[in-house]
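Structure record follows, encoded as structure tokens.
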Amino acid sequence: MTGKIVSKSDARIEGKFDGEIEIKGDLTLGVSAEVEGNIKARNVSVGGKVKGGVTAGNLLEITASGSLRGDIITKELLIETGGVFVGSSKHW
């Protein structure tokens, strides 16, 4: 899919998406997720691949299967063993 996702609740993505994502709640990117674009959400869990900037109001988690290539802004950052992060980070 290509476009923009805006939601006031939690969301989960499994699959490919190109575009901007703005979630008021929590965003979970499953193992099969491939996202290219900027993400903004309260909490973000990356289990798949992300290319783009991520702003998480509270927690950004990169799981053991996750890969994030881009700049991030978050209060808390958790990277599990095996998780990949390439970019710069700023903390609130």
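Figures for the structure shown
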read-out	value
Theoretical FRET efficiency, 1/(1+(r/R0)^6), r = Cβ-Cβ of SER89 and ASP18, R0 30 Å, to 0.05	0.80
Estimated FRET transfer efficiency when R0 is 22 angstrom, pair ASN38-THR81 (beta carbons, to 0.05)	0.25
Extended-chain gain in nm, criterion 0.36 nm per residue less alpha-carbon gap, LYS8 and LYS51	13.2 nm
Taking the chain and dividing mean pair separation by its residue count, relative contact order in percent (alpha carbons under 8 Å, at least six apart)	18 percent
Equivalent ellipsoid dimensions for the chain as semi-axes, Å, which come from the Cα gyration tensor, largest first	17, 15, 12
Where Cα atoms sit under 12 Å apart: lysine pairs in the chain separated by 8 or more or lying on different chains	7
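A short reminder: the numbers here are calculations on the coordinates, not readings from a lab. Computed from a predicted structure; not experimentally measured. Note that each Cβ is placed from the backbone with ideal geometry, even for glycine, and that neighbours are counted across all protein chains shown.
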